1. Restrict the check to region B:312-323 and report whether at least one residue is among the aliphatic types (A, V, I, L, M), surrounded by fewer than 16 Cβ atoms within 10 Å (Cβ to Cβ) and without any contact (Cβ under 8 Å) to a residue 40 or more places away in the chain.
2. If you go through region A:212-255, how many residues are within 20 Å of A:Ala86 (Cβ to Cβ) and touching a Lys or Arg at 6+ places or on another chain (Cβ under 8 Å)?
3. Working carefully through the options A:Leu88, A:Leu18, A:Leu26, A:Leu37, find the one that is of a type in the set (A, V, I, L, M, F, W, C) and free of Cβ contacts under 8 Å to residues at least 60 places away in the same chain.
4. Checking A:Thr254 against (1) within 29 Å of A:His104 (Cα to Cα); (2) away from chain B (no Cβ under 14 Å); (3) buried (at least 17 other Cβ atoms within 10 Å of the Cβ), which test does it fail?
5. What's the number of the condition A:Ala99 fails, among (1) open to solvent by less than 40 Å² (accessible area, probe 1.4 Å); (2) in contact with a Leu (Cβ under 7 Å, 6 or more places away or on another chain); (3) in contact (Cβ under 8 Å) with a residue 60 or more places away in the chain?
6. Collect the residues in region B:477-501 that are within 13 Å of chain A (Cβ to nearest Cβ) and open to solvent by 30 Å² or more (accessible area, probe 1.4 Å), keeping them in residue-number order.
7. Can you tell me which residue in region B:424-435 is farthest from B:Ser292 (Cα to Cα), limited to those that are surrounded by 16 or more Cβ atoms within 10 Å (Cβ to Cβ) and modelled with pLDDT of 90 or more?
8. Would you check if A:Arg179 is open to solvent by 80 Å² or more (accessible area, probe 1.4 Å), within 14 Å of chain B (Cβ to nearest Cβ), over 26 Å from A:Glu48 (Cα atoms) and modelled with pLDDT under 95?
Amino acid sequence: MKNLFKSICFILIFLVLLSVSVFILLPKQNLFKYSFLNFLDYEILEEEDNKVDVLFVGDSLVYNSVSPMEIWNEFGITSFDCSTPAQLTETSYEYIKIAVERQHPKVIFLEANVLFRDPKNRTSERKLKDFYDRYSILDDYHDNWKDLLEYGKPLNVNKGYYYVNRVNKAEVFNYMQNRHKSIKIPKVNVLYFEKILDICRENNIKLILFGIPSMKSWSYEKDRMATAFAEEYNLEFIDLNLVEEIRIDWRTETKDEGSHLNYEGAKKVSSYLGNYIKQNNLVTSHKDDPNYDDWNESYRKYSKQLQFY
Amino acid sequence: MSYFDLWFAFLFVPVVVLIFLLVPKKAKPYILLFASYAIFFMVSNFLIIFLLLSTISIFLAGKKFKKLDGEKAKELEKEDIDKKLIKEKYKKKKKHILVLVILFNISFLFVFKYLKFFTINLNAILKVFKLEELSIISLIAPLGISYYTLKAISYVVDTYNGKIEADDNFVRLALYVSFFPQIMEGPISTYSETAEQIYNASKVTYHNFCYGYQRILFGFFKKLIIVDRLNILVKQVFNNYMSFNGLSILIGIISYTMLLYMEFSGTMDVVLGIGDIFDIKIPENFRQPFFSKNITDFWSRWHISLGHFLKDYVFYPVSLSKPLKKLSVSLRKKLSAHYSSLIAGGIALFCVWFLNGLWHGAGWPFLFFGMYHFVLILMGNIFEPLIIKICAKLKINRESKKYYGFQIVKTSLLVFIGEMFFRADTVRDGLRMLKIMFTKMFVLSKNEFYYFGLDMFDVALIFIGLIVVLVISILKENNVNVRDEVEKKHIIVRWAIYYLLILSIIVLGAYGPTYAPVDPIYADF
C-alpha cells in the first residue's frame, strides 16, 4: 500500500514536471487563445498574426514538397504549409477556418489529392497514427530548448515543411499515362470544398488547386478529374506532375521510392510555386521589411539545418 | 526493432510483467517463453522455425548424451570387460552427435549470414578461371541468430563434456535459448548462468521493478543523448573522409568508438535492467573497457560474453587438441618454454580472432578487424619480457598511476584504430584514413569542424553525456554501485535524480524530425 502511494505520487509529480517542461518549450503565440489540442493541431497558430500571405493546404505531399523558407529566401513571400498526414477535405476546411482567424492570406493553394480521399476508407492504422501524431507533442517541440537558449523564444523554422534529405530511389515508370482507373470525388468532400470556397470568397482569398508530383499518389486519372473539377468551379488548377520545368528525377529526388519528394525535389517545387506567385503578382515581397526580420532569423536557422543534417 | 523502441520498454515489458504477476507460479515460465517467441515472431515471422529447430536439436542431443551415459554406466558395471574400450566406444558415439548438432546449427548461421559473402568471393575465384559464376542469394537472417546459435552450441558442448546435466525440461531450455531481452544482442550467457534463474523467476517486487527501470533509463540516456547525436558526426567523417584532415578523422574514429560503446552498453543496460525486474542476474557484458591496460585486458572488459565463449569453446579446445599438444612438445625441445608456448598458443589465438572477426560480419573489414587484434595480442605476448626489461632499466614503475595512464591512452588509441577498420566500408578506406592521419594531421581546410553536422548545443550535450558516463564508470571501477548509492539518499534527492534523468532524456534526447536514430548495430552481427 505504501509503495502504491509512493508510485502514484512519483507519477503525479512527474506529470507536473513534464507539463511545466512542455509549457516552457511550446511557442506562446496564440497558446491561450485556443484550446490546447487545437493549438497543437494547427501549427500555423504558432505564427505571429497577419504575417502569412500564402497557405499551402493538403496532406503529406504538401509538407514534403513545399518549403516556405525556400520561397521566402528566393522571393520574400511569406507562406505556410497547413498540412497534416493523410488530410481529409474536412480537415482542410477546419484548418483554413482556423488559419484565417489569425492570418489574412491572399492566396490559398489547395492540394487536389485531398479531394479524392474518402473518409469512409480511413483505416484503423491511419486512425492510430492520427492519434499518435496528435499527442506526440514532444517529437516536434522538445528540441525547442536550443531556440530558447539562442533566441529567447522558440522559432518555427520550417513553417510546416518536413525536411528530409534522404534518397530512396523509385522504380521509374510513366505514372501519368492513362490506365483507365476509375476514381471519384466523394460527395462529402465536395461539400467541404464548397465551404472552403465560401471562406475564400468571404475573405477575398484567391483559391488555386494544385497537384504535387508523386508517382504513388497521383495519376493521369486524378489529373483529368481535378482539371474538370476546377473548370466546374472556375478555378485555376496547376498539375505540377506535368510541369516541364520541375520534372522530378525519381531516382534522386524522392525519399521513399516515389511516394514523396525529398529536399532536392522540394526545392524545385517550392521555387516553381514562388515564381508562379511572383509572376502573377499575387502577393508582395517582404524581403526588406524590418517587420519580417524574424523570417530572416528563421531562414538563417533553416539554412544551418541544411548544412547539419 | 530495437530495445530502445518506446513500445518495447514502456509497453511490452510492463504488460509482460503484469501478466507474469497475475498468473500462477507454474505458468510463469510459459508467459516468459510466449513473450520471447512473440517478439521473435514479430520481427522474423516464420523464421522462428529455425530457432525452434536449433532448440529441438540441442534438446534431443542432450537427451541422447544422457541416454548414452546411462548405457555406458550399465555396461561398465558388468564384469570381465575392457572398460577403456567401452569408454572409447561411447565417447565416439557422443562425439558424432556433438559434431552433427554443431554442424546442423552452424549450417543455418552459414546460410543466413555468410552465404552471400562466400558466393561473392567464390565468384571472384571462378572469374579468374573463367568459369560460370554462381548467383548471389541474400537472405534476411532470423532475429539474433548469431547469439542464440552460440548459446545452443555452448549448451550442447557443456552437456557433452558433462559440465552440466542435459535438461529434460524443454520449456526451460527453450527459454534459455530465446529469453526475450537477450535474443537480439546477447549477452551470450551459458546455460548454467541463466537457464535456472529464468525458469525459476517467480516474483517482481516493487524494489526490483524500480531498480530495473533505473538501469533501463540509463541505457536510454546513453542512446538518446549521446549515440544519436554522435551518429551525425560519425556519418559525416566516415562518408566524406577524403575532405577532412587527420585530426578530424581522429575525432571521427574516437566518436565512432564511443558511439559503438554507448550503443551496445546502453542496450545491455536495457537488457540487464529487464533481468533485474524479474530478479534474473544476466551476466555483465561490459566492465569499463576504456580503463584497460592492454588489448587482452580490453577484450576481457568489452563484449565479455563473446570473449568467454571464444575462450571456452575455441581457445581451450584448440590449445588442448592432440595436434597442438604434439606441436608444443616438439617445439619445447628446440625453443625456450616462453616461445614454444607462444607459438602453440598463437595458433589457438589465431582461430579465436579469425572467428571473432567472422562473427562480427561477413566482410573483409571484419576479418581485418579480427586479425588486427590477433596481431596486437600476439605482439604484446612476444614483447612483454622485453618491455619488462626496458622498464626495469629505465626505472619505470609499471605499477604507478602514470604508467597506468600511459597504458590506457595507448590501448585506447589501438582500439580506436581497430574500430575505424570495423566501420570503414572497405579495408582500403580504412588504410586511406590511417594515411591521412599520419600525413595530414593538422592541415586545415574549410570543411573542418563546421561540417561535422553538429551545432554547439549538440556538442555540449555529447560532452556532458560522456562526462556523466565517465563518472559512473570511475565509480563502478572502484566497486561503487551507483544505483545502490542513490537508493541510500533521502527521498527528495533520490527522486530529483530520477526526474532529472527522465526529463533530460525527454527534453534533450536526439529524437524527432531532425535526427536519424542509429539502428541497433550489434543486432546485425
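1. The first filter runs over region B:312-323 and keeps only residues among the aliphatic types (A, V, I, L, M), leaving B:314, B:318, B:320.
Okay, now just the ones that are also surrounded by fewer than 16 Cβ atoms within 10 Å (Cβ to Cβ), so B:320.
Next, from what is left, pick out any that are without any contact (Cβ under 8 Å) to a residue 40 or more places away in the chain: B:320.
Checking region B:312-323: at least one residue is among the aliphatic types (A, V, I, L, M), surrounded by fewer than 16 Cβ atoms within 10 Å (Cβ to Cβ) and without any contact (Cβ under 8 Å) to a residue 40 or more places away in the chain.
2. Here the count works out to 5.
3. None of the other options fit; the residue is A:Leu18.
4. Evaluating A:Thr254 over (1) within 29 Å of A:His104 (Cα to Cα); (2) away from chain B (no Cβ under 14 Å); (3) buried (at least 17 other Cβ atoms within 10 Å of the Cβ) leaves (1) as the failure.
5. A:Ala99 satisfies all of (1) open to solvent by less than 40 Å² (accessible area, probe 1.4 Å); (2) in contact with a Leu (Cβ under 7 Å, 6 or more places away or on another chain); (3) in contact (Cβ under 8 Å) with a residue 60 or more places away in the chain except (3).
6. Step one: list which residues in region B:477-501 are within 13 Å of chain A (Cβ to nearest Cβ), which gives B:491-492, B:494-501.
B:Ile491, B:Ile492, B:Arg494, B:Trp495, B:Ala496, B:Ile497, B:Tyr498, B:Leu500, B:Leu501 - these are the residues of region B:477-501 that are within 13 Å of chain A (Cβ to nearest Cβ) and open to solvent by 30 Å² or more (accessible area, probe 1.4 Å).
7. If we take residues in region B:424-435 being surrounded by 16 or more Cβ atoms within 10 Å (Cβ to Cβ) and modelled with pLDDT of 90 or more, then B:Asp429 is farthest from B:Ser292 (Cα to Cα).
8. When the stated conditions are applied, A:Arg179 does not pass them.
The values are calculated or read from the model by the stated rules, or taken from the named source; none is laboratory data. In this text the structure is predicted, and so the values were computed from the model without any measurement. Virtual Cβ from ideal backbone geometry, glycine too; neighbours counted across all protein chains shown. Just the protein is used for accessible areas: all its heavy atoms, side chains included, with ligands, DNA and RNA removed. Shrake-Rupley method; radii C 1.70, N 1.55, O 1.52, S 1.80 Å.
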